[in-house]
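Just so it is clear, none of the values below were taken in a lab; they were calculated from the coordinates. No experiment lies behind these values; they were computed from the predicted model shown. Here Cβ is always computed from backbone atoms with ideal geometry, including for glycine, and neighbour counts include all displayed protein chains.
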Amino acid sequence: MLRRLAKCPSCRHNGEFEYTGAQHWPPEMARKLKLPDTTYLWTCSDCGTTLSDQELLPYQDERRMEAAIEITVQS
Ligand SMILES: [Zn+2]
């Protein structure tokens, strides 16, 4: 099972998304809508919403953020 890390725009879940499938557009339509020919779809493991690559928010590395806070406190 293919998975990726991202943030859900619907429930704010920050973590794993399961690969659901790919949506293929006819090349003419894709050009007209300025979309890639293939859109990959992912399902949120928390709320079950299916989202495309374009809709997913970038995954936020919380550990890295904590580290940044620690550095700020120490200095
Ligand atoms: Zn979600």
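A few notes on this one:
- Degrees between helix 62-74 axis and first principal axis of the chain (Cα, 0 to 90, nearest 10): 30
- Longest exposed-site-free window of the chain, the sites being trypsin sites (Lys or Arg not before Pro) in a DSSP loop that have at most 14 other C-beta atoms within 10 Å: 35-75
- Convex hull volume per residue in cubic angstrom - Cα atoms of segment 3-74: 100
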